[in-house]
Amino acid sequence: MLAILDAERSGSARRAAHRARALGPLMGDDERLWLQIRGCGRARLDLGALPPDRVLHNGPSARALELGYRAVHWPERVRPGAPCPHRRSLTWVSAAVHDLEGARAAAFVGADILVFAPVFAPRGKGGSGRGLDALARLCAQAGRPVVALGGISPERVGDCLAAGAAGVAALSPFHRGDPVEVARAYLEALP
């Protein structure tokens, strides 16, 4: 389960960090819970005792390393065009992908995990989802573990896993409610 916390949706980077720290005890107890921090610019957040190998900085690899992160998530706009020179310094790299071409490009430059979106119509954005069939096709052909994102509720976790996803991610639910309770609901839906 990848919980995504965004500074803008949280109201500030400080509030995003507060929400992240609240997840610390649960992350310590359950290795299935990971965290992605986005929208915090060049600020290194006080994340307390969160497991550093399971906290991904959303942005360029060089900035993640500069800020002391060990893992990174590449949005499509910052994914390198050539193999990442910083790859060996990072524990994990995830990359946003929307199709098989993007998945292959992300794998080529060093992504370990592919975050495919949107599977369902995301609640926080307009538009429609690509659907479970598209998720299943990508999972079958990507050659990397795929995490499903976009309109994923705890009730939809099983469908995503049945389509071949290695896990799920969520952003909006972590900004609407208590992040610990939200995380527990997703973790309960996982095998």
Considering only helices (runs of 4 or more DSSP H) fully contained in the stretch 1-57, which possess at least 2 residues that are among the charged types (D, E, K, R) and surrounded by 16 or more Cβ atoms within 10 Å (Cβ to Cβ)? 13-22
Checked pairs for the stretch 98-109, first charged (D, E, K, R), second surrounded by 16 or more Cβ atoms within 10 Å (Cβ to Cβ) and modelled with pLDDT of 95 or more, C-beta under 8 Å and 6 or more apart or across chains, list as D99/L138; R104/A142
Can you name the residue in the stretch 63-92 that is more than 22 Å from G48 (Cα to Cα) and of a type in the set (A, V, I, L, M, F, W, C) and is also farthest from the chain's Cα centre (by Cα) among such residues? A82
Mind listing just one residue for me: the one in the stretch 58-68 that is in contact with a Lys or Arg (Cβ under 8 Å, 6 or more places away or on another chain) and part of a loop (DSSP other than H, G, I, E, B) and, of those, surrounded by the fewest Cβ atoms within 10 Å (Cβ to Cβ)? G68
How many of the residues making up the stretch 113-144 are touching a Ser or Thr at 6+ places or on another chain (Cβ under 7 Å) and of a type in the set (D, E, K, R)? 1
Residue check: is L161 touching a residue at least 12 places away in the same chain (Cβ under 8 Å), assigned to a helix (DSSP H, G or I) and not acidic (D, E)? yes
Residue under question is V78, and the condition is that it be under 20 Å from L35 (Cβ atoms), hydrophobic (A, V, I, L, M, F, W, C) and out of contact with any strand residue (DSSP E or B) (no Cβ under 8 Å at 6 or more places or on another chain); does it hold? yes
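The values are calculated or read from the model by the stated rules, or taken from the named source; none is laboratory data. No experiment lies behind these values; they were computed from the predicted model shown. When we count neighbours, we look across all protein chains shown, and the Cβ atoms used for this are built from the backbone with ideal geometry, even at glycine.
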